[in-house]
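Peer 1: Below you'll find the structure I mean.
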């Protein structure tokens, strides 16, 4: 095979997923060690153990199928090479120390890429797509294993086994076919001039706003306590220990009978036989609120039985989703106390989760009162100290935070302030219908109630719109490829068993 320009070879190698020799980097030694550790976890732990058993009979590990064709892993095939490529990329980034999650990402990415690859090859076969041998030969010169000093090495090529050569050639041929099909399909995406004008219109005008907001945590303590008194039964609390038995109902029953006869054995049995996070503390779980305990049991009646225990007594065996549980009452139930800060915060947390409407109604009404009290100075003239002030960045009516437009966000880039706002139709409709000098009705967003006032509306200049016009066709092609990938993965032809197989081989799931 003939030599080729090394820079061009390096570029082609990247496109085809080959193992190009990268320039020397200044990677931190500890980062390097961590990267190697990731690769060991991903490659050795999974492949070195389960794969030996899984392929001992000559087959690979089958994660699913597409149109009747197995999506299979065995050393050297497409899925295997995709796994190596993704693992290397993630290892170099070194951004996550959760190795199980990294491994899952690597293998799932490789699997999904292989499903898409398989579907495209089937389409190519139906369309009689052909790649000349000389084109494949030229592409192979960029394969990292055939290169030395970033140039094709005939010696390295000759030293490669015939089996490995065939495997590499097959991989590159399939990649070239896939690339050709993608190019033919996606380059055929047509964009009308009206569509581009419509997109440009979406980018302008941009608006910025000043706002005042108050959080759900400003809901008055007096009202929190009123709710606690009206629902006193929910916030009773009892001091408990527990033993969780997972082996069998019969074992749990035997232990319950032992404890009924001699409650003093509870701590010892909990340490030796309980199967939960409290075992090492003798089963001690401390104070439990009625609403919390009842959510773990099959009914409120069962929770009432526990709350009826006298100090030092043992409960009957209780069936739960995580095993058979036996409780011991350490102290009899008491009511929540107004003077207990933890009780107040517990009731507030409960309301924010289960009675959010009550808090919203109160703060929305308060917002209407604040709005009515504003003068010609608008929000800037308010003296309501409980209401935090701020302003947004400038953004267009960008539903969904489409990346070609400015995102909906706070001017200080407070990531939590407007999270999800771009998907809130009421929020966007209200803000972009707001006239200069008027204040919006109060809006609920992310456990806050907001009042907005239009600060400025600007038209985007033609230069920026022209850049958008140039970029949009590229983005449209990206969207088209994403849609194609989604259609393949969600197709009825795709039988996806990845999670079950990954769990069985990698996580030792049952």
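None of the figures in this text is laboratory data; all of them are computed from the coordinates on show. Since the structure is predicted, the reported quantities are computational estimates derived from the model, not experimental observations. Every residue, glycine as well, gets a Cβ built from its backbone with ideal geometry; the counts of neighbours run over all protein chains shown.
Peer 1: Please compute the length gained on full extension between residue 277 and residue 373, using 0.36 nm multiplied by the number of residues separating them and subtracting their Cα-Cα distance.
Peer 2: This chain segment gains 29.2 nm when fully extended.
Peer 1: How high is the relative contact order of the chain, in percent, counting Cα pairs under 8 Å that sit 6 or more residues apart?
Peer 2: Over the chain, the number comes to 19 percent.
Peer 1: Calculate the FRET efficiency for residue 268 and residue 331 from the Cβ-Cβ distance with a Förster distance of 22 Å, rounded to the nearest 0.05.
Peer 2: That pair, residue 268 with residue 331, gives E of 0.60.
Peer 1: Take segment 237-334, compute every pairwise Cα distance, and split them into 5 Å bins from 0; I just need the percent in each bin.
Peer 2: Using 5 Å bins, I get a P(r) of 3, 15, 27, 29, 20, 7, 0 for segment 237-334.
Peer 1: Next question, about the same structure. Sketch the reach of a paramagnetic label on residue 226 as a point 7 Å from Cα along Cα-to-Cβ, and name the residues of segment 334-378 whose backbone nitrogen lies under 11 Å away.
Peer 2: Those under the cut-off are 362.
Peer 1: Suppose we take every Cα in segment 62-107 and form the convex hull; what volume per residue is that in Å³?
Peer 2: With only Cα atoms used, segment 62-107 gives 78 Å³ per residue.
Peer 1: Å³ per residue of the Cα convex hull, for the chain?
Peer 2: 245
Peer 1: Same structure again: Using the Kirkwood formula on the Cα atoms of segment 265-390, what hydrodynamic radius do you get, in angstrom to one decimal?
Peer 2: The answer is 18.6 Å.
Peer 1: Now for a separate question. What's the angle, to the nearest 10 degrees (0 to 90), between helix 462-489's Cα axis and the longest principal axis of the chain?
Peer 2: Helix 462-489 and the main axis of the chain meet at about 90 degrees.
Peer 1: Another question, if that's okay. Calculate, for residue 192 and residue 462, the FRET efficiency according to 1/(1 + (r/R0)^6) with r their C-beta to C-beta distance and R0 35 Å; round to the nearest 0.05.
Peer 2: Rounded to the nearest 0.05, the efficiency is 0.95.
Peer 1: Then there's this: Could you work out how much longer the chain between residue 153 and residue 308 gets when fully extended? Use 0.36 nm per residue separation minus the Cα distance between them, nm to one decimal.
Peer 2: 47.6 nm
Peer 1: With every atom except the alpha carbons ignored, what do you get for Rg and Dmax of segment 421-510, in angstroms?
Peer 2: Final numbers for Rg and Dmax: 23.0, 64 Å.
Peer 1: Just grab the label-to-label distance for residue 69 and residue 135, each label 7 Å out from Cα along the Cβ direction, in nm (one decimal).
Peer 2: Simple spin-label model gives 1.8 nm for this pair.
Peer 1: May I ask you to derive the FRET efficiency for residue 388 and residue 248 from their Cβ-Cβ distance with R0 = 51 Å, giving the value to the nearest 0.05?
Peer 2: Plugging the Cβ-Cβ distance into 1/(1 + (r/R0)^6) gives 0.35.
Peer 1: Next question. Please list the equivalent ellipsoid semi-axes of segment 184-249, computed as the square roots of five times the alpha-carbon gyration tensor eigenvalues, in descending order and whole angstrom.
Peer 2: 58, 32, 9
Peer 1: Let me ask something additional. Contour minus end-to-end for residue 414 and residue 361, with contour as 0.36 nm per residue of separation and end-to-end as the Cα-Cα distance?
Peer 2: Computed gain between residue 414 and residue 361 is 16.5 nm.
Peer 1: Under the rule of -39500 (n - 2.57) per DSSP H run of 4 or more residues, summed and divided by the residues of the chain, what mean residue ellipticity at 222 nm is obtained, to the nearest 500 deg cm²/dmol?
Peer 2: Using -39500 (n - 2.57) per qualifying helix, the result is -15000 deg cm²/dmol.
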